[in-house]
Amino acid sequence: MKVKLKTSFGTVALALLWLIIITGVILAVPFDVVAPYLSISKILVGNPWSSLIRNMHYWSSQLFLIVFLVHLFDHFHYRQKIGLKVGVAIRLSLGFLIIMLAMLTGFLLKADTDSQQARLILESLIKLIPWFGDTLAFSLLGSVENFQLIYVHHVATFTVFIVFITFEHSRKIWPPAVDLLLSLLVVLVMSYLLNAPLHDNLSPVNKGPWYFVGFQEILHWLKHPGWAVAMGFIILSLIYLVNTGKEKTSLFSKRSLLLLAGLYFVCTITGLFFRGENWRLVFPWEKDYKQLVLANFKTSRINFNPEFEMEMISGLPEIMGRKESCLLCHHQVKGLSESHNPEVIGCFSCHGGNPFATVKNESHRGIIKIPGNLSTARQSCGTAQCHPEIAERVPKSLMSTLSGLISVNRFVFNEQNNQDSLTHVHSLRNSAADMHLRNLCANCHLGNDKIEYGPVTEITRGGGCIACHLNYSPQAETALKNSRSKYMKVHPDINLKVTNNHCFNCHSRSGRISTNYEGWHETLLTTAEMPDSANYRLVQGYRVFTKIQEDVHHRLGIECIDCHHSYELMGDGKLYSHKENQQDVQCGDCHFSGEPHITLAKDLDNESAIIASLRFKNMSGKKLLTSQKFGRPLINTDVKNDTAFFVTKNGGKIFSLKPPAAVCTKTKAHSSLSCSSCHTSWVSSCIGCHNSFDKNASGYDLLENKNVKGTWVETKGTFKAKLPALGIRTTENGHEVIPVAPGMALTIDKNSYTNENDTVIFHRLFAPVAPHTTLLKGRNCKSCHNNPEALGYGEGVLVFIIKDGKGKWKFTPHFESDPRDGLPADAWIDFLKTRSGKVSTRKNVFPFTIEQQQKILTVGACLTCHTEDSEVMLNSLYNFEALVNKRKPQCYLPVW
Amino acid sequence: MIHQLPAFCILLFLSQKPFMRKLSRKSFLFVLNAGIVAFFVFLWERLTSDEIKRMNNKTSQFTYQKGKKVTFADKYIVIDNEGKLTVFSDRCTHLGCRIREFSNDKLVCPCHGSEYDLSGTPLKGPAYKSLEKVNAEFSADGKTIIIAG
């Protein structure tokens, strides 16, 4: 007996409609319209059977839509006139609209960020309908604060209408049993394997449901979205005309609909596979494609046998409006302070992954093992709900860009003609200068990813946010060592306790301010040569340092962050070419004379207020000093009864701030001197460095963290701790005297890298320095006025000779003249001469002019007879010229 | 506009010539149905417009985050330009998506990619209208921003 096959797309659609209705009724039990997002996350995380029903509801409706559309186009195969009655045709066209609305309201009821944005778009579009747009929008969507009306329309209004239309259209209530069973089977398999989507509310990518992604793409191109509304009416009219129009009209309508469907398909593919954050085009070969586009397709499957106890779900905290499955396994994790309490922010906020999956591999898919690296900061620390503005600023700060370092390096390699171009470490290519940095320096930047667990040490580099904010307690270190156990119970803390050790790993190099500050001077000794003495220290396992004068602030227990505030360390959002430009706090901000620059605690900017309250709790009534350069508040200061106090941020030590000595401020003689030009006790000074490229040696690319063949090699010359030389920095207001040191007194065998017959480059550039070796008492007068090194002549003997009634300065250098420029190896300038052109690592830093040298040495001549504390020298601070004019006959001024 | 619709329907019908000549059963039923529909449309419009008014009358309050260049709070974007405050609605003028991102000195709409500068002027489409400025006041202690509905 032949069995007539009754199955058609229509009957399958009817079967699916029944599945939608049945699963929808059951889904109403766990679904909570008051807190829809929370209730769906609960379903996903804690109730696999509810999850199955939700998935069935979702997949049966998606399949229904597909089958319905195919069914619609199936009718269009018939060339003859369909010829429905007007009323039926209108209701069928409306049915198309209502089905789309039913689908869309189902999408909205997830109440995640995708849904909320879709709701707003829908509202705006409906409002564009003339006359009753506003009324219709409100009647459909209701108040933005709840989902009640959307829910009612989804479960009642639209469902009843669809059932009515379906019955009127098909004259059937029951689908064939085979269709129902087959549909159920397909839906069950899909529902078991693929969870219905729910946005994690952290990803910045917002997309509508798959069937409206094409519409989203169209809206992206439409300046006037009213056209989209008009297009909707045209489509409904075309469907109507297909069913009622004469043959030609019907054919035209069909063809138009097919053409539109084709175009819509292209838009849908574009939207689904090539659009990322902010609807930006992203292609598969781009770095972020996986995270920005493919992440939209990430879904988990139902797990009926989870590793955790189902009873634990009831104790699961609500995290930012949702339940996360992470804490079901990683519960009782200790170690994080209140700001990053996992009971409040969960695990997903920082580590990513899938917060709703209940299978380990799926939960951990795409996980960020070490959050805080700048490469992933926008998905962890920098998400919109946490620290977005800081994640935006830090990559622009000098500790991320290395702009000055790169520019100066290219300048000395003669690859660019100035020292100040703004650039970024990621712009390093393969030139001789750039490879020099890649081989020797390019890992000391915040963007260098930390890839291994463990505390910040002398050898760690970079790490973005955690370069400064990561702190392992002893328990966390022990937990890490024993990490073979199933779950880590102690988490390292992420907090404001930034110590000197966090800065040390990078800042013990180059200018060496960290080691200088602690009083350690690097030697050229090898590890084997290091004496067994407390005065020597091994850094990073091979660098030998010797103990000399520490900074007075270090002796008092003041740490780096006590002076350097958040806008200096994390940047203020602007790009700077050199550290002295970005750096804000100056000595005079704390050691001031006269009226202090203050701000009230209640007027603090938001970031400073948050940091201050976290550090010091009660800030009410405090008067805080502000920096003079950028007017930033110094949150660890307080002005009470005309006395300014300073408190260390980590230790809580309190000091009263001292004004500068009278000699610094009460006379004009030294008004152009920076504090550090006098109060620096020593700087690291290195000359005679030679750089060449060894093609055969195995090297390392510090930027890309990979082994490379060939490397630049730096051969160090002499290395001493000594008083700095002095130079002039021109400023907008004139000039100031600053400490300088031989920054780039070196040779570069560029030809060894380029093979282009480049000659060996020789430079004698001095660099402005921030030595961080401050002394309470400034250097004595002779150490500048009678010191050839201070004047830039280098080591040697500088004597004032009086002969035949005339005084004359004479200098005998210690080092022989370099044949390349005729100057002694350690000199910046020749005796009583000066230089211009390429003289320093900044375009605004120069050696003393001849006239300035003469002025300094004139005072030096006086100091050959008069002690610096003599009355005449003290008086000279007030009016040197007058004193010179009244000098005694036996006083000889130098003749030039 | 919509509340004039019932009256408009009735007038339209009454102006029909057949009605003027003779009121048939069919015409009577049409009038009756139109009247019922118009009655419900009228009720629907009144009810909805009252609800919309009530919804729009809600006052919004949130903490002023001083010095923070851009703050997203409630339904608003607060721009603090060195003490000079401007408050915008956070709805993109293209299709009303909520803007929640400030990147590279631009406010960016996540839905269709429109971009605005800090004065609310669109820099990149599809939006072409500026963000809607909102009148805001400070509370007496200067710590709270109040936006009347």
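Computed from the coordinates by the stated procedures, all read-outs in this text should not be read as laboratory data. In this text, all values refer to a predicted model and were calculated from it rather than measured experimentally. Quick reminder, even Gly has a Cβ in these numbers, built from the backbone with ideal geometry, and neighbours come from all protein chains shown.
If you add up the charges near A:N691, with Lys and Arg at +1 and Asp and Glu at -1, over every other residue whose beta carbon is less than 10 angstrom from its beta carbon, what do you get?
-1
For the range A:605-737, I need the span (max minus min coordinate) of the C-alpha atoms along each principal axis, in Å, sorted largest to smallest.
Projected onto the principal axes, the Cα atoms of the range A:605-737 cover 68, 44, 30 Å.
Would you work out which of A:V663, A:G366, A:S698 lies farthest towards the positive end of the dipole of chain A, given +1 charges on the beta-carbon of Lys and Arg and -1 on that of Asp and Glu, about the Cα centre?
A:G366
Please report how far the C-alpha centroid of the range A:158-196 lies from that of the range A:595-667, rounded to the nearest whole angstrom.
70 Å
Using a cut-off of 10 Å between beta-carbons, work out the net charge of the residues near A:G621 (Lys and Arg +1, Asp and Glu -1, A:G621 not included).
Result for the local shell: +3.
Return the whole-Å distance between the Cα centroid of the range A:50-118 and the Cα centroid of the range A:858-886.
Comparing the Cα centres of the range A:50-118 and the range A:858-886, I get a distance of 97 Å.
Ignore the peptide's own chain and count Cβ atoms of other chains within 10 Å of each Cβ in A:140-146; give me the average, rounded.
2
How crowded by other chains is B:46-56, given as the mean number of beta carbons from other chains within 10 Å of each beta carbon?
3
For A:V163 and A:F265, FRET efficiency with R0 = 30 Å and r from the beta-carbon atoms, rounded to 0.05?
E between A:F265 and A:V163, to the nearest 0.05, is 0.55.
Points 7 angstrom from Cα along the Cβ direction at A:C865 and A:A177: gap in nanometres?
For A:C865 paired with A:A177, the spin-label model returns 12.8 nm.
Please list, short to long, the whole-number percent of alpha-carbon pairs of the protein assembly as shown in consecutive 20 angstrom bins beginning at zero.
The percentages, shortest bin first, are 10, 33, 29, 17, 9, 3, 0, 0.
Which of the trypsin sites (Lys or Arg not before Pro) found in the range A:451-560 are in a DSSP loop and have at most 13 neighbouring Cβ atoms, other than their own, within 10 Å?
A:R484, A:K486
Would you mind pulling out the separation of the Cα centroids of the range B:63-95 and the range A:249-286, in Å?
35 Å
Which of the GluC sites (Glu not before Pro) found in the range A:334-434 are in a DSSP loop and have at most 15 neighbouring Cβ atoms, other than their own, within 10 Å?
Loop-located and lightly packed - A:E415.
Averaged across A:387-396, how many Cβ atoms of other chains sit within 10 Å of each residue's Cβ atom?
Rounded to a whole number, the mean comes out at 2.
Could you put A:E704, A:E311 in order, starting from the residue whose Cβ has the fewest other Cβ atoms within 10 Å?
Lowest to highest Cβ neighbour count: A:E311, A:E704.
Among A:192-199, B:120-127, how do they line up from the highest to the lowest mean number of other beta-carbon atoms within 10 Å?
A:192-199, B:120-127
My understanding is that a pair violates if its Cα-Cα distance is over 26 Å; which of A:K323/B:K69; A:K334/A:K649; A:K617/B:K143; A:K722/A:K750 do that in this structure?
A:K323/B:K69; A:K722/A:K750
Based on the mean of other Cβ atoms within 10 Å per residue, sort peptides B:106-112, A:667-673, A:644-650 so the most packed one is first.
B:106-112, A:644-650, A:667-673
Counting Lys and Arg as +1 and Asp and Glu as -1, what is the net charge of the other residues whose Cβ lies under 9 Å from the Cβ of B:D90?
+3
Under 5 Å between amide hydrogens, which residues at least 5 positions from B:Y76 or on another chain qualify, with H placed 1.01 Å from N in the peptide plane?
Excluding prolines and chain starts, which carry no amide H, the hits are B:D90.
Go ahead and run the numbers for FRET between A:C386 and A:N418, Cβ-Cβ distance against an R0 of 41 Å, rounding to 0.05.
Taking R0 as 41 Å, the efficiency between A:C386 and A:N418 is 0.60.
Between A:S613 and A:V29, what is 0.36 nm times their sequence separation minus the Cα-Cα distance? Round to one decimal in nm.
205.7 nm
Can you list the trypsin sites (Lys or Arg not before Pro) in the range A:568-607 that are in a DSSP coil and have 15 or fewer other beta carbons within 10 angstrom?
A:K574
Starting at the first residue of the range A:868-883, write each ³J(HN,Hα) from the Karplus equation 6.51 cos²θ - 1.76 cosθ + 1.60 with θ = phi - 60°, in whole Hz, x for Gly and Pro.
Listing the rounded values in order: 5, 9, 6, 4, 5, 6, 5, 5, 4, 5, 8, 8, 5, 4, 4, 5 Hz.
Could you run the Karplus curve 6.51 cos²θ - 1.76 cosθ + 1.60 with θ = phi - 60° over the range B:123-140 and give me ³J(HN,Hα) per residue in whole Hz, x for Gly and Pro?
So the J values, rounded to whole Hz, are 9, 9, x, x, 5, 10, 9, 6, 4, 6, 6, 10, 6, 10, 10, 9, 6, 4.
Return the subset of A:K110/A:K360; A:K810/A:K833; A:K287/B:K124; A:K298/A:K360 for which the Cα-Cα distance in this structure is over 19 Å, preserving the input order.
Over 19 Å apart, Cα to Cα: A:K110/A:K360; A:K287/B:K124.
First measure r as the distance between the Cβ atoms of B:N81 and A:I761, then evaluate 1/(1 + (r/R0)^6) with R0 = 51 Å and state the FRET efficiency to the nearest 0.05.
My answer for the efficiency is 0.65.
Residue-wise, which Karplus ³J(HN,Hα) couplings in Hz belong to the range A:93-110, taking 6.51 cos²θ - 1.76 cosθ + 1.60, θ = phi - 60°, and x for glycine or proline?
With coefficients 6.51, -1.76 and 1.60, one gets 4, 4, x, 4, 4, 5, 4, 4, 5, 5, 4, 5, 5, x, 5, 5, 5, 5 Hz.
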